[in-house]
Structures are given as structure tokens and as C-alpha cells.
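Below is one structure, written out as C-alpha cells; the observations come after it.
The values are calculated or read from the model by the stated rules, or taken from the named source; none is laboratory data. This is a predicted model, so every value here is computed, not measured. Heads up, the Cβs are rebuilt from the backbone with ideal geometry, glycines too, and the neighbour counts pull from every protein chain shown.
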């Protein structure tokens, strides 16, 4: 009973109560967590020529969503499913036509989170032209284009311009909206930038 009245006993009890109050203060209120999604920014992890886009019924892309299910067949034989309601866009006029499109996508395994179908370059070309670079990201391993796409960069990106610049950062600053970004379709990464 004499231990009940010692200062050490009350210090230990006070510490436990203080710890409990601290934990209570940081406890989640159980409400929904706030998730912020930047809908204007898309991290691209797949850029590849399509062999064709197949669907069993009427398939289209409108209002930023796919309508119906489709299977994208890449030139290397890989199959990817575009499920009904997948976020996306298409400027490729006839995706069913062999070798007419390039798939630009944010994927999760063989599933597509977001996609764009764009017209493929000429059959004998491996260079896809995209909008200009707005910003360089992640230690110059990705570039955000003016359309919000974040595309991977090769270690060495060539600069095709009459005027010399010290590096890619200087090029982007000097020719911010006056250049084209070029993706090497064999490497699926940005290989060059060219003055407009």
C-alpha cells in the first residue's frame, strides 16, 4: 500500500494517461480520406504501335470514356483490354485498321487505367511526334507535355535545332512552346526534341 503513495507510481500513471491523450488527439475521426487526383496529368508507362483494336460490338470513345469493350493487339502480340467506361481519348480515325494507331497508356498489369489512341507515323518511321515539353520531372527521367501527359525520357535526348543549347533543360526553357517532342517507338521513350 505504501507504493501507492510514491511519486514514481503517480509519474508512471501520469505518463500512461498522457500517452493515451496524445494517441486520442491523433486518432482518425473515421471520416472519408481526401484523395486528390490531378485529372490533367497522366503518367504514361506504355507507348506502342497497335496491330489492331478488336471489339465484338460497337466500340467508341466519347466524352472521355470508352463505350463498350475492346481488345488492343500490340505489334509484339501483347493483348490489353479496354473495359467499358475506361478513361481515354482517341484521335486515331480507324483503330481497327492494321498498324494505324499508337496506344499511349497508363497501365496496371494488362489492364488499362487511362489511354489515348493517336495516329501512327508512317510505316517506315519509328518516330511519334507529340506536343512540346512543359516541364522536366523526377531528375530529368520524365517530361510533362503541354497536354498533361508525363512521358519517360531516354538517358540522352537529342536536340534538333539550328541554335545550340547546353542541355535539355536549357532547350525546354528557350523553346518552351516552339518545339515537338519525339518518341522512339522501338524504345517507348522520348528520344529527341525538334524546333518547330
Among (1) in a strand (DSSP E or B); (2) in contact (Cβ under 8 Å) with a residue 40 or more places away in the chain; (3) within 23 Å of residue 183 (Cα to Cα), there is one condition residue 97 misses while meeting the rest; what is its number? (1)
Selection count where residues are in a strand (DSSP E or B) and either free of Cβ contacts under 8 Å to residues at least 12 places away in the same chain or within 11 Å of residue 191 (Cα to Cα) (or both), scope region 154-180: 7
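For (1) modelled with pLDDT of 95 or more; (2) surrounded by fewer than 14 Cβ atoms within 10 Å (Cβ to Cβ), each residue gets a yes or a no:
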site: 5; (1), (2): no, yes
site: 38; (1), (2): no, yes
site: 49; (1), (2): yes, no
site: 55; (1), (2): no, no
site: 71; (1), (2): no, no
